[in-house]
There are 2 protein chains.
Amino acid sequence: MVKVQMGPGTSIYPMPTLLVGANVDGKPNFMTVAWGNIANAEPPMAAVAIRVKRYTRIGIEQNKTFSVNIPSADLVKEADYCGIVSGAKADKVQACHFTVFYGKLGTAPMIEQCPINLECSVLHSLELGSHFLYIGRVEEVHVSSDYLTEGSIDLDKVKPLAFMAEPSQQYHTMGELQGKAFRIGLEIKGGK
Amino acid sequence: MVKVQMGPGTSIYPMPTLLVGANVDGKPNFMTVAWGNIANAEPPMAAVAIRVKRYTRIGIEQNKTFSVNIPSADLVKEADYCGIVSGAKADKVQACHFTVFYGKLGTAPMIEQCPINLECSVLHSLELGSHFLYIGRVEEVHVSSDYLTEGSIDLDKVKPLAFMAEPSQQYHTMGELQGKAFRIGLEIKGGK
């Protein structure tokens, strides 16, 4: 097949739709982030890329803490809004009717309406160019009880949103099951 | 709503299903990675978390280059296989019938069958605990011509896979459109 060279770019998919929270001057603010993921298992760490000029970044620097909140599909408008408007100009908590709570860190605001909330303390920050990459130790994961099944997170209930940016920027929920992990691959033999 | 504390954990969703490539002792190898994303926009960078003991990591250290390959849903078996089997014990390229190609870096093997391939040169590596986080500058993005529409990546054609780990580990394609980004959020007023 013919490969076309697109130049250096940012085409990794699917990306998540995350709301990253921080207290800026003591007041909770949230921004939408697609460039975040887990960075380490033991101990658990999360990494989020935040553009240098973002208002939320002030709060991360002030407290060295942040939260990662995973909105359900029914919060798609709120998730998008938090990526359009700056906390410097609007009270996003008020506009979105978010109920904010705090966990053990005390300075990482979390959104009660989001099914999953990770509170993180900053371990590393890397200034990479347009963005800072913040790597935080996950100090606690809070999950709304309605999104658990037999004590475990149930992603069929959570309905997380993927952010897809090419050719048009849009949000999707997860679709068809393609296979069980660590099982479907066993059908491939050989190479030993 | 009642929040349940799950302890520190790695619950960020959706995660992508990526095949990270490296030449180990001059021979191409690929492993499945769910913990990867973009880390910077200008210049474009990708970050991937690789468990310390992984065979692929030897190759990343040898060449200071790696690739990120995005499998389409029709490669779900191959994607899963590359996460089950170690390159120390099997020739995964042969087992999966991958056609390998190289780009401008020369040492970052890429999979022709994957619609999107990013070739990366390592800028930073962080030993975080169980994993190393490798941050690589994206030197080129290669896209199979059949997955382009009017010159742009068409994710409806790419059909990338999400890895969902709770409660069961499985792969999904993207589902229903929930809204256009930077538009649906405009419906939220106030807070100014």
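The values are calculated or read from the model by the stated rules, or taken from the named source; none is laboratory data. None of these values were measured; they are calculated from a predicted model. Note: ideal-geometry Cβ built from the backbone for every residue, glycine included; neighbour counts use all protein chains shown. All accessible areas refer to the heavy atoms of the entire protein, side chains included, with ligands and DNA or RNA removed. Shrake-Rupley method; radii C 1.70, N 1.55, O 1.52, S 1.80 Å.
The set of residues in segment B:136-167 being more than 7 Å from chain A (Cβ to nearest Cβ), over 14 Å from B:P16 (Cα atoms) and not basic (K, R) consists of B:G136, B:Y147, B:E150, B:G151, B:D156. Inside segment B:39-52, residues that are facing chain A (nearest Cβ under 7 Å), in contact (Cβ under 8 Å) with a residue 40 or more places away in the chain and part of a loop (DSSP other than H, G, I, E, B) make up a count of 2.
Residues that are in a helix (DSSP H, G or I), within 10 Å of chain A (Cβ to nearest Cβ) and among the β-branched types (V, I, T) within segment B:53-87 comprise B:V76, B:I84, listed in sequence order.
The set of residues in segment B:16-38 that are open to solvent by 10 Å² or more (accessible area, probe 1.4 Å) and in a loop (DSSP other than H, G, I, E, B) comprises B:D25, B:G26, B:A34, B:W35. The set of residues in segment B:99-119 being surrounded by fewer than 24 Cβ atoms within 10 Å (Cβ to Cβ) and either of a type outside the set (D, E) or more than 8 Å from every other protein chain (Cβ to nearest Cβ) (or both) consists of B:T99, B:V100, B:F101, B:Y102, B:G103, B:K104, B:L105, B:G106, B:T107, B:Q113.
Residues checked against (1) more than 14 Å from the chain's Cα centre (by Cα); (2) at pLDDT 95 or above; (3) among the polar types (S, T, N, Q):
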| position | (1), (2), (3) |
| --- | --- |
| B:A46 | no, yes, no |
| B:K53 | yes, yes, no |
| B:Q62 | yes, yes, yes |
| B:T65 | yes, yes, yes |
| B:V68 | no, yes, no |
| B:A79 | no, yes, no |
| B:C82 | no, yes, no |
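Flag not set for B:N69, criterion: surrounded by fewer than 23 Cβ atoms within 10 Å (Cβ to Cβ), free of Cβ contacts under 8 Å to residues at least 60 places away in the same chain and among the polar types (S, T, N, Q).
Could you tell me whether any residue of segment B:4-15 is surrounded by fewer than 24 Cβ atoms within 10 Å (Cβ to Cβ) and more than 8 Å from every other protein chain (Cβ to nearest Cβ)? Scanning segment B:4-15 turns up no residue that is surrounded by fewer than 24 Cβ atoms within 10 Å (Cβ to Cβ) and more than 8 Å from every other protein chain (Cβ to nearest Cβ). Looking only at segment B:120-132, residues that are closer than 20 Å to A:P8 by Cβ and at the interface with another protein chain (Cβ under 7 Å from one of its Cβ atoms) come to 1 in all.
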